[in-house]
1. What FRET efficiency would be calculated for the residue pair A:Ala192, B:Ala130, taking the C-beta separation as r and a Förster radius of 45 Å, to the nearest 0.05?
2. In debye, nearest 20: dipole of region B:2-252 around its Cα centre with unit charges on the Cβ of K, R (+) and D, E (-)?
3. Which whole DSSP H helices in chain B pass both tests: a Cα extent of 15 Å or more along the axis and a mean Kyte-Doolittle value no lower than 0.0?
4. Using only atoms on other chains, find how many Cβ atoms lie within 10 Å of each Cβ of peptide A:195-207 and report the average.
5. Regarding region B:323-390, what are the three Cα extents along the principal axes, ordered largest first, in Å?
6. Treat every Asp and Glu Cβ in region B:276-389 as -1 and every Lys and Arg Cβ as +1, leave all other atoms uncharged, and give the resulting dipole magnitude about the Cα centre to the nearest 20 debye.
7. List the aspartates and glutamates whose Cα sits under 15 Å from the Cα of B:Lys152, skipping any in the same chain fewer than 8 residues away.
8. Please report A:Glu242, B:Glu98 as a ranked list, fewest other C-beta atoms within 10 angstrom at the top and most at the bottom.
Amino acid sequence: MSSRRIFARPARFAAIAPYVWMVLFFLVPFAFVLKISLSQTAIAQPPYEPVFDLTAGWEALRAAFAALSIDNFKLLGSDDIYVFAYVRSLTVAITATALLLLIGYPIAYGMARLPKRWQGVAMVLVIVPFWTSFLIRIYAWINILQHDGLLNQILLALHLVGQPVVWLSTDTAMYIGIVYSYLPFMILPLYATLAKMEPVLEEAASDLGARPWQVFWLVTFPLSLPGVGAGVLLCFIPIVGEFVIPDLLAGSNSLMIGQTLWLEFFTNKDWPVASAAAIALLVVLLVPLLLYERLQKRQLEQGR
Amino acid sequence: MAEELPGTNVAAGAAAGDAYPAAGQALLRIEGVAKSFGTFRAVDGVSLDIRAGEFFALLGPSGCGKTTLLRMLAGFEAPDEGRILLGGKDIAQALPHERPINMMFQNYALFPHLSVRDNIAFGLKRAGMARAEISARVAEMVALVKLEGLEKRKPDQLSGGQRQRVALARALARRPQLLLLDEPLAALDKKLRENTQGELMELQRRLGMTFIIVTHDQEEAMTMASRIGVMKSGKLAQVAPPRELYEAPRSRWIAEFVGDINLFDAESRLRDGHRLVVGTRDAGPLVVAEPREPVGEARFSVAIRPEKVKLSRRGPVSEAGHEAAINRLDGVVADICYLGGTTTYKIKLDTGGMLQASVVNSARIDVDAYSLSQHVVAWFTPDDCVVLPS
């Protein structure tokens, strides 16, 4: 009992800390954005109205509340630009995440099966690119992919192509950039689950008559699902909102939602519409998150 | 699939014993098998015949190569040299899934994402059995290892003993020609282990299957196996039934590894009919029966198991005892170790050496028990001694 009293107070503080963090850095800003998304654009400082002025008195505040409307959300649904941007963002994110899983899984699996002393080295190799600025790495890709860049020089030298291929400002270039940038986020959680898995389980499967591909499908892959889920979420969610990579590497004819947001905010100075787009994006991203959580909960319940 | 090898009877009918070679025939022949890891020779030229229906134990200290040998039988390692013949067919290079051999793993290696039922059915599904047949076989296995009612549980919802049963059922489900058991009882506590030993033996007899068990526990090997192969540094040191291994060990190392033993180095010898009079520094002259293979001029030791040593206050009691007990050693009790059923006395001999004697506590109230520093006479017959080359 006495030990409980000693630990109770710090433990309670520790439990509260994440909530304080969430309120300060997520809920409060979210409330701001939500409020702006319900406002109308205006040529003013700040560039929207109504503005809540707590000093103006009760009536003014009521009027301000009454001026809020969901027109911006209606606009999002009616204007093709936004619908297309959402669809494109999801398409790009799904494709890129699938590519990342296909490329990242064998790498993570190979790492997990390395001798222990080499696993650390492999891990460092995966993380090392983070030591360079993200922007510099993307600019390096521009260099590699441009008309007389490294890739075309190699292809020409090997006589694989007759003339330089257009890489830059294509979807291919964008996918290269996304896969390159997000690969560690896919590999690391996969590696963590695969390294924890006992290789003897694969031996048991093979002892019981499973061919190598059956061993993988029936034992290795199902047991790595938590890592797959974590890796997919870690990649999918930020890719949906990705702005820099498509802006620098892809063509400008179809925009992702991140780019559309940028345009609304900085080119059109339409903060309310941009805020509404951001809120809608958040809702779109909540769906896979909730699905994942539901799945995890079901797995937990099955394990009981 | 398993069908590729002849003799696999995964999908065979009801009677388990039907398709096995007649008992006594060599089912498995290991010929000069060797395996190295880098410069370390884990298994170094092992040859061994396992008869059908046999319960064979591979016994040895950790690192002796017994697990590597077992893994080569299962197919997880390929031998560098030698052949492994199962029913006359060389399987040394066959992959694990191609062998009609199943293994029960140390710590069981149950699939954590599958239920008890699906764990047991895993191998049956891979063999392409029909659904109804699989259900019937799983039910049969569940009944065999007494797991009724737990079919839907996941491995982490089972106790250690239950997990062990699932592992056994899973390995038996395909009706392998040969079942390998890698330290199958190591994770169980003592009482459960003893019960399970009995159950395993009973099961093996009933199914008429061939079992090879790997263990470092000599009591376990002695209890369960009909023959034991003792391994040391990658080689088979001796292959014998438990009694022979214990009473007629082939070397000093085996004698010391299997059970407790008193050893006295021989310094001189003298033949006296069928007997040898051996001079030892620690225990003086000892009369021993001449070994079947004459020792010649080689160095050797005289060995005597502690339970063969009798103790008394004044030496052998009966006339017949006098006759047989040519070896009489005087000493004082230096240490007493009470073990319940037996008591082990350490006797400091007047000749300088130490002698262990194990005495059965046959009476509950033993007024004659020896106490520390008490003078005692230890005696034993020449036939109780074993001559071992050093």
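1. It comes to 0.65.
2. Approximately 280 debye in magnitude.
3. Correct list, ordered by number: B:131-144.
4. Rounded to a whole number, the mean comes out at 6.
5. So the extents along the principal axes, rounded to whole Å, are 39, 28, 23.
6. Details: 12 positive and 14 negative charges, 56 e Å.
Approximately 260 debye in magnitude.
7. A:Glu301, B:Asp118
8. So the residues, fewest neighbours to most, are B:Glu98, A:Glu242.
Quick note: the coordinates plus some simple rules give every number you see, no bench work behind them. Here the structure is a predicted model, which means the values were calculated and not measured. Don't worry about glycine lacking a Cβ; one is built from the backbone with ideal geometry, like all the others, and counts go over all protein chains shown.
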